[in-house]
Amino acid sequence: MQHFTAYLPDEDATAALGAALARTLAPGLVIYLHGDLGAGKTALTRALLHAAGHVGKVKSPTYTLSEPYQVMLAGRPVQVIHFDLYRMSSPEEFLDAGFREDFNQENICIVEWPEKGEPVLPPPDVNVFLRVSGRGREVELQPLSQLGLLCLDRLTFAPNL
Ligand SMILES: Nc1ncnc2c1ncn2[C@@H]1O[C@H](COP(=O)(O)OP(=O)(O)O)[C@@H](O)[C@H]1O
Ligand SMILES: [Mg+2]
């Protein structure tokens, strides 16, 4: 799929998309989440992690900037790392924390506020845009690599049916 858009009328729809995305995950995938405060980036990530099998809380890593989770993917343990770069103060902070090494062939990285990570943040395989629209959210998914295309090809989600 080259491009995917949907209207998410309520938080349940966001959660359903998170669950649908969880089924498309592959090691090495990098997902950027774009959108203003309250757009639903953390809500989407939380649903994705729970659907991927994480039991327990998923908090916004606002102060720690990153939070790792371990999930099982096709019977293998995979680390999903949730970043929130809103409070990142400099590229050095990202590099000194060793975040660049987290972006490898094994891990899955989900990044809120990727704009704040420039220019040291590695590029994404999938861009997700969330926008407030009426009472719900508009969502747009854009593949940016072969891996991203494979991921979106596996996506099955039909919120409005
Ligand atoms: N599709 C939706 N329609 C309406 N409200 C939503 C939808 N998805 C999520 N929300 C709500 O919007 C807020 C999103 O918060 P959060 O996920 O923390 O945003 P962000 O991480 O983008 O700052 C939550 O209060 C959540 O309940
Ligand atoms: Mg957030």
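Residue count for region 32-56 under the criterion of being on the phi < 0 side of the Ramachandran plot and assigned to a loop (DSSP other than H, G, I, E, B): the result is 6.
Can you find a residue in region 60-70 that is surrounded by fewer than 20 Cβ atoms within 10 Å (Cβ to Cβ), at pLDDT below 95, in contact with a helix residue (DSSP H, G or I) (Cβ under 6 Å, 6 or more places away or on another chain) and assigned to a loop (DSSP other than H, G, I, E, B)? Yes; the residues of region 60-70 include at least one that is surrounded by fewer than 20 Cβ atoms within 10 Å (Cβ to Cβ), at pLDDT below 95, in contact with a helix residue (DSSP H, G or I) (Cβ under 6 Å, 6 or more places away or on another chain) and assigned to a loop (DSSP other than H, G, I, E, B). Taken over region 28-62, the criterion of being more than 14 Å from ligand 1 (Cβ to nearest atom) and free of Cβ contacts under 8 Å to residues at least 40 places away in the same chain is satisfied by 51, 52, 53, 54, 55, 56.
If you go through region 105-121 and keep only what is in contact (Cβ under 8 Å) with a residue 40 or more places away in the chain, closer than 20 Å to residue 42 by Cα and away from ligand 1 (no atom under 15 Å from the Cβ), you end up with 107, 108, 109. Considering only residues in region 130-144 that are among the hydrophobic types (A, V, I, L, M, F, W, C) and more than 9 Å from ligand 1 (Cβ to nearest atom), the one that is farthest from the chain's Cα centre (by Cα) turns out to be 144. Only a single criterion out of (1) under 17 Å from the mean Cα position of the chain (by Cα); (2) free of Cβ contacts under 8 Å to residues at least 24 places away in the same chain is not satisfied by residue 89, namely (1).
To keep it simple, each residue is scored yes or no on (1) modelled with pLDDT under 95; (2) part of a loop (DSSP other than H, G, I, E, B); (3) within 14 Å of ligand 2 (Cβ to nearest atom).
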residue	(1), (2), (3)
58	no, yes, yes
87	no, yes, yes
94	no, no, no
109	no, no, no
116	no, no, yes
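Rundown of residues vs (1) buried (at least 16 other Cβ atoms within 10 Å of the Cβ); (2) under 21 Å from residue 155 (Cβ atoms), yes/no style:
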position: 3; (1), (2): no, yes
position: 11; (1), (2): no, yes
position: 16; (1), (2): yes, yes
position: 29; (1), (2): yes, yes
position: 87; (1), (2): no, no
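For residue 80, indicate whether it is assigned to a strand (DSSP E or B), touching a Phe, Trp or Tyr at 6+ places or on another chain (Cβ under 8 Å) and not charged (D, E, K, R). Yes.
For residues that are within 9 Å of ligand 1 (Cβ to nearest atom), outside any helix (DSSP H, G or I) and touching a Leu at 6+ places or on another chain (Cβ under 9 Å), tally how many sit in region 3-19. Don't jump to the end; show me each part of the working.
As a first pass, look at region 3-19 and keep what is within 9 Å of ligand 1 (Cβ to nearest atom): 7-15, 17.
If we keep only those that are outside any helix (DSSP H, G or I) too, we end up with 7-10.
Going one step further and asking which of them are touching a Leu at 6+ places or on another chain (Cβ under 9 Å), we end up with 8.
Of the residues in that region, 1 qualify.
Of all residues in region 86-104, exactly one satisfies the criterion of being out of contact with any Ser or Thr (no Cβ under 9 Å at 6 or more places or on another chain) and within 16 Å of ligand 1 (Cβ to nearest atom), namely 88.
The values are calculated or read from the model by the stated rules, or taken from the named source; none is laboratory data. Everything quoted here is computed from the prediction, not taken from an experiment. Cβ coordinates were reconstructed from backbone atoms using ideal geometry, including for glycine residues, and neighbour counts include every protein chain displayed.
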